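**Student:** One structure follows; several queries about it will come next.
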Amino acid sequence: MDPVVPVGWWRNLSGIEWLAAARFAVLAYNAVRFPILRGGSLPSEVRVSILVPARNEVPNLRRTLPGLLGQGAAEVLVLDDGSEDGTGVVAQEAAGADSRFRLLRSEPLPPGWLGKPWAAWQLAQAAGGDVLVFTDADVQWGPGALGELVQALGAYGLVSVWPRQDVQGILLGSAVSFLLNGAFGFLPHGVLRRLGLANGQVLAVRREAYFRAGGHRAVRDPVLEDVALARRFRQFGLFQGVCSSGLGCTGRTGRWWRGSARTSSRCTQAPRGFWWDPWYTIWPSTRSLGSGVGGV
């Protein structure tokens, strides 16, 4: 005998059940609607500058700088932002005799600026590439990652990578999962695009568009300068979009995790974060939590 489904059953759902249903609907929508980046080689006609602001990053640069130099960019610039641990010396040693590497020393922080926007602005002014790729010193790039990122940039003015999170410990997993779920579990693709969400761990911009929008000089004091920069691009009418990927990088999250969490993603794989997302809401894991790329 077939089970009888009462008419108007949805009227008996609780608020939590409605919220869960809406969340799973958004997850399913995003899994279908998010464009997926495909692998590709770095276009030979595009001159790319990789820009790394660095302050007290000795352990990270020893690990990540060789991967950056292996991406095939025209130049890799590291700005030593007043480090006290010999970051500049270690960066130069890690780069060896590679002629594409340049080490810059930061000028004193001007009034009204926060440190990271000031470092990024100096790097952008010193760079000579048509495409500027800002990346944190704790992000380790895998082979071919830059080629896919540049191809993803396409006609966009800005592309921001949201790495899949790989954290250690249930407490950290819970916190990171909560943050990612808020973005990808409740906000549809179109909303994310309109909000101009961005992640400063990896941020690629077209040089002309960057300076047209005022660059980091226009967002010198917000704490979330990456989001502010993305919204600045929108304000200037630059074409924007949001796409999903697993960028071929591994690294550590921001300093507020005090180095105990790691981020990772892979450029050549389709994102799996949407389907794993409900599981990580219930039981945060020490494995990958999600990935995404936003283009503005």
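**Student:** Need one number: nm distance between label points at ALA22 and GLN125, each 7 Å from Cα along Cα→Cβ, rounded to one decimal.
**Tutor:** Inter-label distance under the simple model: 4.7 nm.
**Student:** Cβ neighbours within 10 Å, averaged per peptide: list 106-116, 148-158 in order, most packed at the top. Spell out each step's value before the answer.
**Tutor:** Numbers: 106-116: 12.0, 148-158: 20.6.
Final packing ranking: 148-158, 106-116.
**Student:** Describe numerically, in nm with one decimal, the distance between label points set 7 Å from Cα along Cα→Cβ at LEU103 and at TYR29.
**Tutor:** 5.1 nm
Where a number appears in this text, it was derived from the coordinates with a stated rule and is not lab data. None of these values were measured; they are calculated from a predicted model. As a convention, Cβ positions derive from the backbone with ideal geometry for all residues, glycine included, and neighbour counts pool all protein chains shown.
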